[in-house]
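Here is the structure we will look at.
Since every read-out is calculated from the coordinates, none of them should be taken as a lab result. Since we're looking at a predicted model, the values are computed, not measured. All Cβ positions, even for glycine, are placed from backbone atoms using ideal geometry, and neighbour counts span all protein chains on display.
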Amino acid sequence: MLTGFHSSGKIAGLETLQRRCGVRPFAEVLNELCNNPPDGRGKVTNVGLSAAVRTRGGDIGHGYISQLRLGVKDNPTCQAIVDLAGALGVHPAVFVGGRRELHPGERPGWRAGAVATLFEAVHPPDRGPWSPEEVAASISSSGQFGSISASYIRELLSSASGNPRLKHILGLADHFGADPAYFFDDDLAARVDSELTDFLALRELGVVEFVTRLAERTGDLSPQARAAAVEGFRQALEGGEGWSFPLNSRRAFPDHT
C-alpha cells in the first residue's frame, strides 16, 4: 500500500528509520525467520542459509549473514534480500513490512517498472513529474537514506539497474509516499496501480486540483459551502473500499502552510 509522507526530521540509524516507517529492522526479521522458519524445519544457521542461497544461484557468505543478523550490516542489496527470502521460503516483501507467504510457483523480485510508475503518477497537481535530480536531492538531503545520485535514479527508471540497496528502496518509498513492499509484491502493485490509474483520471478531469484549491480556501468558505462540498465527495466515494493510495501524501501535493 502507499502510505502518507513521513516527517522530514533527521534521525540517527536505519533501525530507527525502519521502526518509524512501520518496517521492522532487517536484523530482527532475518533472525526471526532463521529461528522459526515458516516451513517448520529446525533453526537455520548462518552456514546453512549461505549454502541454501548458493543452491539458488546466489552468493552470500555466512560471515555477511552473521553481520546482517547482528545488525552490524544493515543495508543489503535488493538481490541479497531476494536471495535470502528465497532460501528461507518467504516473500522478499517481508523484509520491508510486506507479506511473508509465497503463492505456489511464485518467484518474486525487484519490480522493474515500479519506479517509473511512481514518477509518472505521484507529483503535485500543478506541475509535471519530479525530475531525477529533485528526487535524488530530496532523498540525499534527508540524512536518513544515505546518498543517491540522479544518474542512478535514471538507471532505475530505465531498468538499466535493478539492484538498489535497502536504504535507497526506503528512500524512494518515503519520497513518493509508497509502501516499500510495492517494489516487490505483484499483488500489492496490482491494487495500487489500479488506484493510481483512477487517480490519474481524476487529476486529468481536474478533480485533484479542485480538492487542493478547496483546501486552500477552507478559511474563506462558509460552513454551509464546506459541508456541501464534503457531502458531494462523500456521496461520490461512498460504498467503495478504502484506497491504498494516500491522497494526503505531502510529497504528492504542494505545501501551502
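Would you mind ranking 195, 106 so that the residue whose beta carbon has the fewest other beta carbons within 10 Å leads the list?
Least to most surrounded, the residues fall as 106, 195.
Based on Cα contacts under 8 Å between residues 6+ apart, segment 14-96 shows a relative contact order of 34 percent.
Arrange the peptides 129-138, 182-191 so that the one whose residues have, on average, the most other Cβ atoms within 10 Å appears first. Working shown, then result.
On the way: 129-138: 17.3, 182-191: 20.6.
By packing density, highest mean first, the sequence is 182-191, 129-138.
Under a 5 Å amide H cut-off, with hydrogens placed 1.01 Å from N, residue 178 pairs with 3 among residues at least 5 apart or on other chains.
Of 120, 155, the sequence from fewest to most neighbouring Cβ atoms within 10 angstrom is 120, 155.
Under the Kirkwood approximation for Rh and a Cα-based Rg, what ratio Rg/Rh is obtained for segment 14-96? Working shown, then result.
Working: Rg = 11.8 Å, Rh = 12.7 Å.
In segment 14-96, Rg relative to Rh is 0.94.
Counting Lys and Arg as +1 and Asp and Glu as -1, what is the net charge of the other residues whose Cβ lies under 9 Å from the Cβ of residue 60? So the environment of residue 60 carries a net charge of -1.
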